[in-house]
Amino acid sequence: MTNPTKTIIIDDAVPYAEAIFSHLGKVITLPGKAIDAETVKNADALIVRSRTQVNAELLANSQVSFVGSTVVGLDHIDQEFLKSNNIHFYSAQGCNANSVAEYIITALYELAETFDFKLQDKTLGIIGVGNVGEKVYNKAKQLGVTCLLNDPLKIDKQPDQVNLDNYVDLDTCLTADIITVHTPLTRSGKHPSYDLISAEKLAQIKPQQILINAARGGVINEQAWINTPTLANIIDCWENEPNINEALYRTAFLATPHIAGHSLDAKVAGSAMVYNELCRFWNTPIQDKWRNQLPPQPDLIEITEQAPTQTAMRQTLNKTHDIKTDDLAIRSKDISKVHNKYENYRRNFPIYREFSQHKIQITSNPELNKLLESLGFTLIATQSY
Ligand SMILES: NC(=O)c1ccc[n+]([C@@H]2O[C@H](COP(=O)([O-])OP(=O)(O)OC[C@H]3O[C@@H](n4cnc5c(N)ncnc54)[C@H](O)[C@@H]3O)[C@@H](O)[C@H]2O)c1
Ligand SMILES: O=C(O)[C@H](O)[C@H](O)COP(=O)(O)O
């Protein structure tokens with residue numbers, strides 16, 4: 001039953017918001033960008049994704065005492081303001097790491113098949129080895145890709161948990177065949193990530209290298225990136241979203257609208273983590289009846305084609321979610337149309353499930369079976385094998 005004394009304002013891109021939160025109070029859902037000082041004035045809790053700037057301007061005149069973010073980026077949250085105003089803050093760290101890692105792995109197969117190379121012959125440089133970077137590393141390692149890792153902050157913070165043999169300095173990491181950034185966007189501290197891959201660093205990049213940014217716009221210097229010849233660029237996170245840079249967009253091998261972390265499983269995990277924290281904060285028992293509303297597991301994937309392993313891997317991953325459709329969904333010759341489609345597509349993003357939610361019929365190719373299992377798919381025997 002709804003608790004009429006509490007009001008919770010929730011970004012309408014939070015799936016199952018009403019089903020999950022309504023027993024805690026009156027739920028009002030609004031587009032993230034439409035949540036403003038007026039709408040939160042009388043609210044008790046505010047639950048955002050990445051599109052609401054959470055700061056003094058938004059909350060100075062409100063009674064909000066709990067802010068939850070169902071995503072992991074923190075660059076839109078003024079945490080100092082929240083702390084100094086005794087507003088409890090929680091963010092769902094790690095909720096979408098697997099989703100982003102699967103996007104990167106899918107992209108690697110797309111690259112390998114398009115540019116005709118074997119993934120096992122390439123090095124992958126991973127800059128930022130937190131929840132996402134660590135998952136990218138573990139999956140890439142399973143697939144036989146050699147990885148170079150860079151994360152000076154992690155080494156400073158947890159020296160005993162880092163196997164230094166795997167870690168290199170930034171310049172060495174930038175020599176990898178494929179470079180992917182997974183840092184937060186930070187502008188202060190000992191290792192700020194803003195402009196980390198600066199014009200100077202981009203000058204070291206050779207035309208046969210590949211650059212990926214699914215972290216935040218601004219980690220790679222876009223003005224210099226435009227003039228940096230590469231084999232391919234994959235960009236999911238941009239400066240000035242949704243008004244993304246036209247030249248960079250036109251030349252990208254894959255240009256997606258900040259959706260790498262948008263699997264249903266990641267979104268639900270983010271919502272559930274924030275919900276659990278709000279229950280704890282309000283000292284209310286957790287309910288999980290809302291989980292009955294989640295869609296069933298996807299249908300069994302059957303692989304009938306007899307393709308070489310790498311080709312079969314690409315085909316199979318694309319059967320779970322083809323990231324080229326996320327590129328095509330916003331493509332247009334008219335950049336203003338791209339800008340218009342950008343937010344609309346991500347706010348109404350098609351539902352897809354992570355690899356671990358899929359069952360695949362065991363194939364006659366043991367190498368393929370092993371690789372699929374290492375990515376979390378469940379392989380099941382059927383009568384034909
Ligand atoms: N495209 C998407 O949909 C999507 C989804 C999830 C996260 N993200 C972005 O990716 C970032 C990383 O996510 P996460 O969950 O792994 O966060 P995390 O905090 O778990 O990991 C970030 C890692 O980056 C490291 N780091 C910070 N500054 C660095 C620097 N200057 N050089 C090298 N390493 C540095 C940190 O030490 C940490 O280990 C998020 O902050 C968010 O901005 C994007
Ligand atoms: O910060 C994050 O967790 C991700 O960038 C996430 O995908 C952002 O999701 P959004 O709020 O933009 O839907």
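The values are calculated or read from the model by the stated rules, or taken from the named source; none is laboratory data. As the structure is a computational prediction, the values presented were derived from the model and not from experiment. Cβ sites come from the backbone with ideal geometry, for glycine too, and all protein chains shown count toward neighbours.
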Taking the conditions exactly as written (buried (at least 21 other Cβ atoms within 10 Å of the Cβ) and among the aliphatic types (A, V, I, L, M)), does Ala307 satisfy them or not?
no
Being within 16 Å of ligand 2 (Cβ to nearest atom), surrounded by 14 or more Cβ atoms within 10 Å (Cβ to Cβ) and among the charged types (D, E, K, R) is the requirement here; does Glu113 meet it?
no
Is it fair to say Glu367 is part of a helix (DSSP H, G or I), more than 28 Å from Glu241 (Cα to Cα) and more than 28 Å from the chain's Cα centre (by Cα)?
yes
Looking only at residues that are touching a residue at least 40 places away in the same chain (Cβ under 8 Å), under 21 Å from Leu74 (Cα atoms) and crowded, with 23+ Cβ neighbours inside 10 Å in the range 14-48, which one is nearest to ligand 2 (Cβ to nearest atom)?
Val14
Condition first: in contact with a Lys or Arg (Cβ under 9 Å, 6 or more places away or on another chain) and under 19 Å from Ser193 (Cα atoms). Now tell me which residues in the range 228-237 satisfy that.
Cys237
I need every pair where a residue in the range 173-201 that is at pLDDT 95 or above and assigned to a loop (DSSP other than H, G, I, E, B) has its Cβ under 6 Å from the Cβ of a residue that is hydroxyl-bearing (Ser, Thr, Tyr) and more than 8 Å from ligand 1 (Cβ to nearest atom), sequence separation at least 6 or different chains.
Ala176/Thr123; Asp177/Thr123; Arg187/Tyr194
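When you go through Val168, Val145 one by one, which is the residue that is more than 16 Å from the chain's Cα centre (by Cα), more than 10 Å from ligand 1 (Cβ to nearest atom), farther than 30 Å from Thr311 by Cβ and surrounded by 16 or more Cβ atoms within 10 Å (Cβ to Cβ)?
The unique qualifying residue is Val168.
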Report every pair of residues separated by at least 6 positions or lying on different chains whose Cβ atoms are under 7 Å apart, first residue within the range 233-253 and in contact (Cβ under 8 Å) with a residue 60 or more places away in the chain, second more than 13 Å from ligand 1 (Cβ to nearest atom) and of a type in the set (Asp, Glu).
Pro242/Glu343
Residues in the range 49-80 that are buried (at least 21 other Cβ atoms within 10 Å of the Cβ) and among the hydrophobic types (A, V, I, L, M, F, W, C): how many?
8
Mind checking whether some residue in the range 266-283 is modelled with pLDDT of 95 or more, buried (at least 16 other Cβ atoms within 10 Å of the Cβ) and more than 30 Å from Thr5 (Cβ to Cβ)?
yes
Index of the failed condition, Gln297 passing every other in (1) modelled with pLDDT of 95 or more; (2) more than 16 Å from ligand 1 (Cβ to nearest atom):
(1)
Output the qualifying pairs, or none if there are none: Cβ atoms under 9 angstrom, residues six or more apart or on different chains, first residue in the range 75-94 and in contact (Cβ under 8 Å) with a residue 60 or more places away in the chain, second residue surrounded by 15 or more Cβ atoms within 10 Å (Cβ to Cβ) and among the acidic types (Asp, Glu).
His88/Glu277; Tyr90/Glu277; Ala92/Glu277
Pairs, please: C-beta under 9 Å, at least 6 apart or cross-chain, first residue modelled with pLDDT of 95 or more and in the range 358-377, second of a type in the set (Lys, Arg) and crowded, with 19+ Cβ neighbours inside 10 Å?
Ser374/Lys139; Leu375/Lys139; Gly376/Lys139
